[in-house]
Each structure stands twice: as C-alpha cells, then as structure tokens.
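To keep things clear, I will list the structure first and then write my remarks on it.
The values are calculated or read from the model by the stated rules, or taken from the named source; none is laboratory data. Everything numeric here is computed off the predicted structure, so don't read it as measured data. No Cβ is skipped: glycine too gets one built from the backbone with ideal geometry, and neighbour counts run over all protein chains shown.
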Amino acid sequence: MHPTDEATLNQGLVELEIPEVFNEDWLAVLPEDFPKCLVVSGRIARADGEPITIEQYLELPEDFPALLNEYGELEMSPASDETHNNKRSRLCDMLRYYSTLNGNPDGVETEREIFVPGFRSYRPDLSYFSRERLQTAIQPLGKRGQRYAVEAPDLVAEILSYSNLEKVVVGDEKKLWKQKDLSKWAPIFKELIKDKNLTKIDLHLKLYEATQVKEVWIVGEANNVYCPKLTVYRLASGKLNKAGEFMAGELFSSPLFPNLAIDPQWIESGAPKEFYRLSFIPKLDHDIDANKSPELAAQAKQLIRRIQQALTLPSQ
C-alpha cells in the first residue's frame, strides 16, 4: 500500500508495471479475502458499491501503490521522478541530521502515512514529529499491527510535482457520506469540491489545516515545479497562513528547529559539507579541528555567521 520508486510491484508470481492509473490486472494482486472489486476510471472500487474501509485498506500489501480517497476507492499513488526523490532525500538528510543530534532520530520520515481520526489518510513527502509527541503519535493499526501516525505532524513538507497541480476528481457523493471514518473531513471536502479549479495541492493544504499541522513547507511553485523556491505556511488560530517565500540564496528558519536555517538551494543541490559538522543545541558551533582542516573550519565559521544573521532578521 506504500508507493515504490521501482518500476514494478512484485507479489508472488505477479509482476506489474506501475502505470498512472489502475487496470484490471491489479485486481489479481488484492488479498484473497479482500472484497470483490472492479476498476472504474482507473480507480479500484468495491463491486457492491460500498466504500473500501480503512481496515480493509490496511490489509493491502505494503508496496501496493495506492491511496484511499474520500469515496472509499483506491487511487494510484503517483510515481516520483528522480529529481523529486533527490530533493526529498536532501531535505530529509538535513532535518534528520539536526533531529538526530538533538535526540530525535525517528522524528523525520519520508512518505509516512498519517491516519488522523475523522479524516482521510495522507502521505506527505516528508513529516516531522517532535520528540515529545513521537511516542504517542505513532501507534499500531489494523490486523497486522503495523505502526502509523495517528496524530497530525508538527511539520509537513511537499515537493511540488505536476501531479500535485492536477484537478481534484469528484466522485459519487453517496459513497462520500457512507464513509464513517471521514466524519470530520467529509463536510469540509464537500464544500471544497464546489471549486471546479481545486487542485490536489490545494486540497492537501486544506487537509493539513483541518488536521492542525503546525507548519507546512512547499518546495517549488505552480508555474515551475523545479524552481528553487520554498513557501512556508504556519498555523495560527486554527488556520494555515503563508508566513514567507524564500528563493535560492535566502535562508529560512522555523520555531520547530531552534538555531537551524536552510537555504532552498540546498534542497536542489545539497547542503555544503560543513553543514554536517555543525551542532545546533544549546548553541551553534562546529566540531572541526582548525589545525587539521583550516579551510573547512573557516567555511563552518562563515556558515554559522550566515545562519546567525538569518536568525536575527525580523520574524519570518
């Protein structure tokens, strides 16, 4: 049920290419005790017209490339290209380095599925939980007892791709109201889809707001998903508000990560090597022996000054 970066899914003797939508071949990969299904407009739906439940969804193979939508149907999880995957990995590396230094190595994860009660599940490119919240936020779900997040993350980051900019597909409203698991999300979703120009990233932002994600980072922009730009949204009075836009060469910071500042260009091409020699808590410092590596030590000092300057700028 989790997306794969490989070109195929292996399930026993079945090997299927990952297309953009489901076809009839995928029905053979469903578990034997799964409700009888058919393919409708590229989505897998129950043949009896009932929605697929979260419990049934959790029984799918781990690498089954599907997301459960608002109508209880399985949509193909879009495959990521190499550029997208590299950006996600670079951002993850930076945040995981910071979090590991500060005793929270499991706080940062890519494509972690989030199941907030009353809402559809979501699987952002990157999510972060503070150390204080992580133990209660991750819980076993389903018959197999796999561990998933059952609370909204502190941070969600999305690397824009053109699939994010596609219009939201509107389905059968009767199925929507049959989804007991969507008691909080269904009325919000019904209002949102009145906008015929609603895109998937617009929908995701509303979902993150509704589940009270504290902060959202969007990498790229609508007219050029490859642009080295990062937009920050922060939760205030229950609403996600745009807090700033940052281009390559500009550092941005977050109250979630004290003493850390990131250049959007680092998401494009990687952080400088001296970044991974810094410490952040209780203060910015580095561990480089200036006698052995004078050039690297000088670069680290320069980076520290740059971060300190960004942290003293007016509030972002």
Considering the stretch 268-298, residues that are acidic (Asp, Glu) and surrounded by 13 or more Cβ atoms within 10 Å (Cβ to Cβ), and then whichever is nearest to residue 230 (Cα to Cα), we arrive at 268
Please verify whether the stretch 73-93 includes one or more residues that are touching a helix residue (DSSP H, G or I) at 6+ places or on another chain (Cβ under 9 Å), buried (at least 17 other Cβ atoms within 10 Å of the Cβ), at pLDDT 95 or above and within 30 Å of residue 51 (Cα to Cα).
yes
Quick one: is residue 244 surrounded by fewer than 21 Cβ atoms within 10 Å (Cβ to Cβ), over 25 Å from residue 304 (Cα atoms) and assigned by TED's automatic domain parsing to the domain that holds residue 122?
no
I'm told residue 157 meets every condition in (1) surrounded by 15 or more Cβ atoms within 10 Å (Cβ to Cβ); (2) modelled with pLDDT under 95; (3) touching a Pro at 6+ places or on another chain (Cβ under 7 Å) except one. Can you identify the failing condition by its number?
(2)
If I ask for residues that are more than 25 Å from residue 83 (Cα to Cα), outside any loop (DSSP other than H, G, I, E, B) and out of contact with any Pro (no Cβ under 9 Å at 6 or more places or on another chain), which ones from the stretch 160-179 would you list?
173, 174, 177
Which numbered condition trips up residue 228, out of (1) buried (at least 19 other Cβ atoms within 10 Å of the Cβ); (2) of a type outside the set (Ser, Thr, Tyr); (3) touching a Leu at 6+ places or on another chain (Cβ under 9 Å)?
(3)
It is to be established whether one or more residues within the stretch 48-65 are assigned to a strand (DSSP E or B) and touching a helix residue (DSSP H, G or I) at 6+ places or on another chain (Cβ under 9 Å).
no
